[in-house]
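**Student:** Dumping the structure here so I can ask a few things about it.
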Amino acid sequence: MLKQFFIICSGADTDILKNSANGEQNKYAGIGATVFFTAVMAFIASSYALFTVFDNLFAAIGFGLVWGLLIFNLDRFIVSTIKKRDTILDEILQASPRLILAVIIAVVISKPLELKIFEKEINQVLLEQKNELTLANQDQIALQFNPKTEALEQDITAFQSEIATKETEVNALYSTYITEAEGTSGTNKLGKGPVYKEKREKHDAALADLKLLKETNTAKIATTETAIAKLKTDYDTQVATTQPIIDGFDGLMARVNALNTLPWLPSFFIFLLFLAIETSPIFAKLLSPKGEYDFKLEDQETAIKSLVDQKVQERKLALKADFAINNKVYTAIAEEDELYAYKRKKARELMQLQADAFYNGQKKLL
């Protein structure tokens, strides 16, 4: 039963093989098994590839089944249409389009399986790419916020510098009126005289200005720091919002590109393996000599062709004979006087009617 199933998969004529030798049946059963298992591998490969796209097991299996059946039908068609010819050159010319199609199918089947076989290596490459993308994304987002943040930090530095300058001025005034009181500078008189009071009032006024400046600039610094904190929050929010896009950077195209960054030799050998599997039925037919099945198939096809050619030739001869008979019949009729007189009478009547009609038409115009 299994052997019969594989023979059906090979696309061979089961009626002819049923009466052929056991070796012929085994040959086509082997070809059919190759076609069947190639379709199974195509189903597995496409299901995995589609799972990476849809992330849904049932959808991947459904589409993978359709793809496997399509590959099975194509392979069965390719194998069944290759027939043994009289010369090897004719067979090669016949098989060349099928070989090109087989190469395309081998590429389509092998690539998803390569993705699965080298999954760990591909994940490592994708991780490195994601890290690079994360850093690049952070840098790009930072370009939107850094200028504003730096400008606000410069404003805080300016506010603090203004307070420090005012404190230096107040400290200088304090030192001035203290040394005046001690008599070590200014008038060099010990005691709190008019000059001391003037310097003390100037210091007190500057101290009051310093206090007001501290209150004002402290409020400004707090507002500026709040703005900086908001910018940092917005930056973190934008980074967190865009990060899932980078984390999801593991689709089919990303994996194929990551696979291309790996050493090419292992992938190439896997492709060669599937190419050998895909083309093996074709080469098996090309390299094997004409067998019992091929002779029977050729006999059946030539018998039908001979029958059709015979029927076409018979129709041509019948048509040619019919033309000859018709020519003789009409030639004999043309020589009869009675038919000549009758046609002459009718022609005369027709010409009279035409003349009358022309006359009546002209008369109406006048």
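**Student:** Tell me yes or no: at least one residue of the range 119-132 is surrounded by fewer than 15 Cβ atoms within 10 Å (Cβ to Cβ), of a type in the set (Lys, Arg) and in a helix (DSSP H, G or I).
**Tutor:** For the range 119-132, residues surrounded by fewer than 15 Cβ atoms within 10 Å (Cβ to Cβ), of a type in the set (Lys, Arg) and in a helix (DSSP H, G or I): present.
Residues checked against (1) within 17 Å of THR165 (Cβ to Cβ); (2) touching a strand residue (DSSP E or B) at 6+ places or on another chain (Cβ under 7 Å); (3) of a type outside the set (Gly, Ala, Ser); (4) outside the structural domain of ILE156 (by TED's automatic domain parsing):
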position	(1), (2), (3), (4)
ALA206	yes, no, no, no
THR216	yes, no, yes, no
ILE221	yes, no, yes, no
ILE228	no, no, yes, no
ASP234	no, no, yes, no
GLN238	no, no, yes, no
THR242	no, no, yes, no
ILE246	no, no, yes, no
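**Student:** Spot the failing condition for LEU2; the list is (1) crowded, with 19+ Cβ neighbours inside 10 Å; (2) of a type outside the set (Asp, Glu); (3) without any contact (Cβ under 8 Å) to a residue 12 or more places away in the chain, and only one is missed.
**Tutor:** Condition (1) is where LEU2 drops out.
**Student:** Moving to a separate point now. Which condition does ASP309 not pass, out of (1) exposed (fewer than 10 other Cβ atoms within 10 Å of the Cβ); (2) within 53 Å of the chain's Cα centre (by Cα), if it passes all the others?
**Tutor:** Going through the list (1) exposed (fewer than 10 other Cβ atoms within 10 Å of the Cβ); (2) within 53 Å of the chain's Cα centre (by Cα), ASP309 breaks only (1).
**Student:** A further question on this structure: Scanning for something at pLDDT 80 or above, in a helix (DSSP H, G or I) and out of contact with any Asp or Glu (no Cβ under 7 Å at 6 or more places or on another chain), does the range 277-289 turn up at least one residue?
**Tutor:** Among the residues of the range 277-289, not one is at pLDDT 80 or above, in a helix (DSSP H, G or I) and out of contact with any Asp or Glu (no Cβ under 7 Å at 6 or more places or on another chain), which makes the answer no.
**Student:** Shifting gears a bit: Just need a number here: residues in the range 24-50 that are without any contact (Cβ under 8 Å) to a residue 60 or more places away in the chain and not aromatic (Phe, Trp, Tyr).
**Tutor:** 9
**Student:** Filter the range 134-163 down to residues that are hydrophobic (A, V, I, L, M, F, W, C) and closer than 20 Å to THR241 by Cα and give me whichever is farthest from the chain's Cα centre (by Cα).
**Tutor:** PHE145
**Student:** Then there's this: Looking at the range 257-293, which of its residues are over 15 Å from TYR28 (Cα atoms), of a type in the set (A, V, I, L, M) and out of contact with any helix residue (DSSP H, G or I) (no Cβ under 7 Å at 6 or more places or on another chain)?
**Tutor:** Residues satisfying the conditions are LEU265, LEU272, LEU273, ALA276.
**Student:** OK, next. From ALA12, ALA49, ALA95, which residue is part of a loop (DSSP other than H, G, I, E, B), at pLDDT below 80, buried (at least 19 other Cβ atoms within 10 Å of the Cβ) and of a type outside the set (Lys, Arg)?
**Tutor:** The conditions single out ALA12.
**Student:** How about the range 15-46: which of its residues are small (Gly, Ala, Ser) and assigned to a helix (DSSP H, G or I)?
**Tutor:** Those that are small (Gly, Ala, Ser) and assigned to a helix (DSSP H, G or I): GLY23, ALA29, GLY30, GLY32, ALA33, ALA39, ALA42, ALA45, SER46.
**Student:** Taking the conditions exactly as written (without any contact (Cβ under 8 Å) to a residue 60 or more places away in the chain and over 38 Å from the mean Cα position of the chain (by Cα)), does SER96 satisfy them or not?
**Tutor:** Answer is no for this residue.
**Student:** Moving on. Can we say SER110 is under 33 Å from the mean Cα position of the chain (by Cα), closer than 26 Å to THR14 by Cα and surrounded by 14 or more Cβ atoms within 10 Å (Cβ to Cβ)?
**Tutor:** So SER110 does not fit the description; no.
The values are calculated or read from the model by the stated rules, or taken from the named source; none is laboratory data. Note that the structure is a prediction, hence the values are computed from the model and not measured. All Cβ positions, glycine included, derive from the backbone under ideal geometry; neighbour counts span all protein chains shown.
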